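What follows is a short report on a single structure.
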Amino acid sequence: MNQTVTAGAATGSLHVTSEIGTLKTVMLHRPGREVENLTPELLHKLLFDDIPYLPVIQEEHDQFSETLRDQGIEVLYLEKLVEEALHFGNAREDFIDRILKESKSNINGASESLKEFLMDLPGGQLVSKIMAGVRTSEIDEGRKRHLYEFMADQYPFYLDPMPNLYFTRDPAAVIGNGLTINKMHEGARRRESLFMDYIIRYHPRFSASKVPVWLDRDYDFPVEGGDELVLSGDTIAIGVSARTSARGIERLALNLFQKQDRVKKVVAIEIPKSRAFMHLDTVFTMVDYDKFTIHPAILGPGGNMNIYVLEKHEEDPNRVAISSRTNLIATLKEVLDLDDVTLIPCGGGDAIVAAREQWNDGSNTLAIAPGVVVTYNRNYVSNRIMREHGIEVIDIPSSELSRGRGGPRCMSMPLVREDI
């Protein structure tokens, strides 16, 4: 596996104006030692239902990466980009200070010894160690200064691992030529968006472009990338979900309307707030110009939903105009100027199959070109139904990747797509 990304590689500009435009550059994170720092006692806290087997999850992720490369897509790795970014300016020490502060290591008085430990690590080891977490057993006893650090029954980590990092979609998301760097809803994931913050600010591939940030991670209310769908150059959809707040969506819409001219509409789609329906992209994704996958359980009686279209206010630039809709198909036809829209049901609409395959992200597809998607092979009914609708489906192994409750779209952050 080749993870080399040179600072001078290609253009640093971001460009995503649809969900389905031919994918040119994508950012992934190969699961690492953070997965092996999961224990049964920590599963709930760290948002996992089970413990993946590291050699197999890495093998499956490598096959995912190779599948994308085989399609001519440039694959960048989060861990390598961060390592390279920290070579510039005072980024390295500043990054360590931010990580320690946001990890609340000062509460138990370990910040000083932790900083010494981390500063002594070489660049690549530093990034992988922060991602994997720092166990209390890793700090030499000569650096320990507090009584609790010597106790056998203390909490096993100074810094918690970040096992959700291989879902690169959520901490940040590209919209047009800029991005959101997100405040994550769950404390276990909140530090993740720091990595993208430093990449954008310090990595020469991106910093030279002065990439606009539509919403930063310091805003009080959460937004996550799994809820952000770029439907077209002028319209985005965002899920009001268990992880993304209505206030965050409104602030993002206002910022977009004030800072750029391309995006004109933000379609807020309310979905059930549950772990099974974590983000909009776990129940709804775009796979072609007029085709979408959907989990039927998000539709209310008569197929109705709570949908709101946010647009620039004609009189007050500090407000958004909000109008409501109830029918998803009608709304998609309206905002995308389509004569018809096809919703492809997860599991073919069978209640049992749909629930089972949606749990393993049967609706979470990564479009790599119009009508071409990457999916998990375990969702064979949903994959067959998509093929019957004319979609080219490239499926990948998923026995361990699926344990984290996220599919190919969750595992990928598109940086550059061709316009459609």
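Side notes on the structure shown:
- Among the residues making up region 288-311, those that are over 27 Å from Leu47 (Cβ atoms) and either in a loop (DSSP other than H, G, I, E, B) or at pLDDT 95 or above (or both) are Asp288, Tyr289, Asp290, Lys291, Gly300, Ile307, Tyr308, Val309, Leu310, Glu311.
- Among residues that are outside any loop (DSSP other than H, G, I, E, B), in contact with a Lys or Arg (Cβ under 7 Å, 6 or more places away or on another chain), of a type in the set (S, T, N, Q) and surrounded by 15 or more Cβ atoms within 10 Å (Cβ to Cβ), Thr375 is not included.
- Test for Ser241: is it over 26 Å from Ile420 (Cα atoms), modelled with pLDDT under 95, among the hydroxyl-bearing types (Ser, Thr, Tyr) and crowded, with 24+ Cβ neighbours inside 10 Å: yes
- Of all residue pairs spaced 6 or more apart or on separate chains, those with beta-carbon atoms under 9 Å, a first member in region 251-271 that is surrounded by 18 or more Cβ atoms within 10 Å (Cβ to Cβ) and a second member that is assigned to a helix (DSSP H, G or I) and among the polar types (S, T, N, Q) are Val267/Thr331; Ile269/Thr331; Ile271/Thr282.
Let's see how each residue does on (1) acidic (Asp, Glu); (2) part of a loop (DSSP other than H, G, I, E, B); (3) more than 23 Å from the chain's Cα centre (by Cα); (4) farther than 30 Å from Asp49 by Cα:
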| position | (1), (2), (3), (4) |
| --- | --- |
| Ile322 | no, no, yes, yes |
| Thr331 | no, no, yes, yes |
| Leu338 | no, yes, yes, yes |
| Glu357 | yes, no, no, no |
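- Residue that is within 27 Å of Thr17 (Cβ to Cβ), in contact (Cβ under 8 Å) with a residue 12 or more places away in the chain and basic (Lys, Arg), where the choices are Arg409, Arg403, Arg378: Arg409
- Residues being farther than 21 Å from Leu28 by Cα, touching a strand residue (DSSP E or B) at 6+ places or on another chain (Cβ under 8 Å) and not in a strand (DSSP E or B) - total across region 381-398: 8
- Figure legend. Inter-residue proximity from region 318-337: first residues touching a residue at least 60 places away in the same chain (Cβ under 8 Å), second residues part of a helix (DSSP H, G or I), beta-carbon distance below 8 Å, spacing 6+ or different chains. Indicated pairs: Asn318/Leu254; Arg319/Leu254; Val320/Glu250; Val320/Ala253; Val320/Leu254; Val320/Phe257.
- Selection of region 61-72 for residues being in contact (Cβ under 8 Å) with a residue 24 or more places away in the chain, in contact with a strand residue (DSSP E or B) (Cβ under 7 Å, 6 or more places away or on another chain) and surrounded by fewer than 20 Cβ atoms within 10 Å (Cβ to Cβ) yields Gln63, Thr67, Gln71.
The values are calculated or read from the model by the stated rules, or taken from the named source; none is laboratory data. Here the structure is a predicted model, which is why all the values come from computation and not from measurement. Neighbour counts run over all protein chains shown; Cβ positions are idealised from the backbone, glycine included.
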